[in-house]
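What follows is a set of notes on a single structure, which appears directly below.
Computed from the coordinates by the stated procedures, all read-outs in this text should not be read as laboratory data. Predicted model only: the values in this text are computed from it and were never measured. Please note: Cβ atoms are built from the backbone with ideal geometry, for glycine as well, and neighbour counts cover all protein chains shown.
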Amino acid sequence: MREKQIEKQLVTEVKKRGGICPKWVCQGFDGMPDRLVFLPHRKFGMVEVKAPGEKPRPLQLSRHRLLEKLGFRVYVLDAPEQIGGILDEIQSA
């Protein structure tokens, strides 16, 4: 399975839960997560999407740590089976 397919499934599942999942293009600030997840009741998370078995690059990990220091949750998604759990966690935060 390719990264693009996993990303498409994430967007679909977020929509099913009444949310939106825009792609985050952050010009001039590389390494930011791929997708923003906005769910009802002001629930928010950021998701880095990877192909199965792939890991974030060092710059991406650095950006994730920066965002987490600021109090934001960043999730790494590399399998469709993880989507439900990630969205459940965002909704329960």
Extreme residue, surrounded by the fewest Cβ atoms within 10 Å (Cβ to Cβ), among residues of the stretch 1-27 that are without any contact (Cβ under 8 Å) to a residue 12 or more places away in the chain and within 18 Å of residue 91 (Cα to Cα): 16
Checked the stretch 1-27 for anything assigned to a loop (DSSP other than H, G, I, E, B) and either touching a strand residue (DSSP E or B) at 6+ places or on another chain (Cβ under 9 Å) or among the acidic types (Asp, Glu) (or both); matches are 17, 18, 19, 21, 22, 24
Sole residue being under 17 Å from residue 86 (Cα atoms) and in contact with a Ser or Thr (Cβ under 9 Å, 6 or more places away or on another chain), chosen from 16, 50, 43: 43
Across the stretch 32-75, what is the total count of residues that are closer than 17 Å to residue 93 by Cα and among the hydrophobic types (A, V, I, L, M, F, W, C)? 11
